[in-house]
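*Asks:* One structure coming up, written as structure tokens, with questions to follow.
The values are calculated or read from the model by the stated rules, or taken from the named source; none is laboratory data. Owing to the predicted nature of the structure, the values given are computational and were not obtained by experimental measurement. Calculation scope for accessible area: heavy atoms of the full protein, side chains included, ligands and nucleic acids excluded. Shrake-Rupley method; radii C 1.70, N 1.55, O 1.52, S 1.80 Å.
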Amino acid sequence: MAIPAYYVETVANDGNDPVLEALEGLVRALRTNAARIDATIARAERIREQREAGLSYREIESGVDRPLIVELTRDNLAALVEAGSRLRRAEARALHTEGMTMEQIAELFGVTRQRVSALLRDR
């Protein structure tokens, strides 16, 4: 499956690099996740203190102390999945444009050839 000409032309004509853009997006997501991880650790420490003080989980979680750990964790996972997916698609397209076969990309990424085909088709 060939890479669409508009993709190759965009990279060649305007200096736009989708892989670097996706990589920057991943770094932004990781930095945001790092802040959420710090907040998650602080929240976990507060929960421990509240439990040791005798509060029930119902009392702890129904308080005004938001966001909950489950919310922070969900947001971290969602951000990482989204940014990682964008990078994987951009890298697959770049590698294919540079002459790697779908089989070679599949081996490199540790996925099936069919998955690489889907990555190349995704917009």
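*Asks:* Heavy atoms only, 1.4 Å probe, whole protein assembly: order ASP65, ASP38 by accessible area, highest first.
*Replies:* In descending accessible area the options line up as ASP38, ASP65.
*Asks:* Moving on to the next point. Using Cα springs under 10 Å in a Gaussian network model of the chain, which residue among GLY110, GLY54, GLY25 shows the largest mean-square fluctuation?
*Replies:* GLY54
*Asks:* Tell me, what % of the accessible area of the chain is carbon and sulfur with a 1.4 angstrom probe?
*Replies:* For the chain, the apolar C and S fraction of the accessible surface comes to 56 percent.
*Asks:* So what is the accessible area of the chain per residue, in Å², with the probe set to 1.4 Å? Intermediate values should be presented prior to the final figure.
*Replies:* On the way: 8160 Å² over 123 residues.
With the other protein chains kept in place, the chain gives 66 Å² per residue.
*Asks:* Let me have the 222 nm mean residue ellipticity of the chain computed from DSSP H runs of 4+ only, each contributing -39500 (n - 2.57), with the sum over all residues rounded to the nearest 500. List each step's numbers first, then the result.
*Replies:* Working: 6 runs with 96 residues, N = 123.
Counting only the DSSP helices, I get -26000 deg cm²/dmol.
*Asks:* Next up: Apply the a/c threshold of 1.5 to the C-alpha gyration tensor of the chain and tell me whether it is rounded, prolate or oblate.
*Replies:* Prolate shape, in that a/c is at least 1.5 and a/b is the bigger ratio.
*Asks:* I'd like to verify something in the chain: which complete DSSP H helices, judged by Cα projection on the helix axis, reach 18 Å or more and average at least -0.5 on the Kyte-Doolittle scale?
*Replies:* 18-52, 69-97
*Asks:* Right, next: Report the gain in length on full extension from ARG48 to THR101: 0.36 nm times residue separation, minus Cα-Cα distance, nm rounded to one decimal. Walk me through the numbers on the way to the answer.
*Replies:* Values: separation 53, 0.36 × 53 = 19.08 nm, distance 5.24 nm.
Gain on extension, ARG48 to THR101, equals 13.8 nm.
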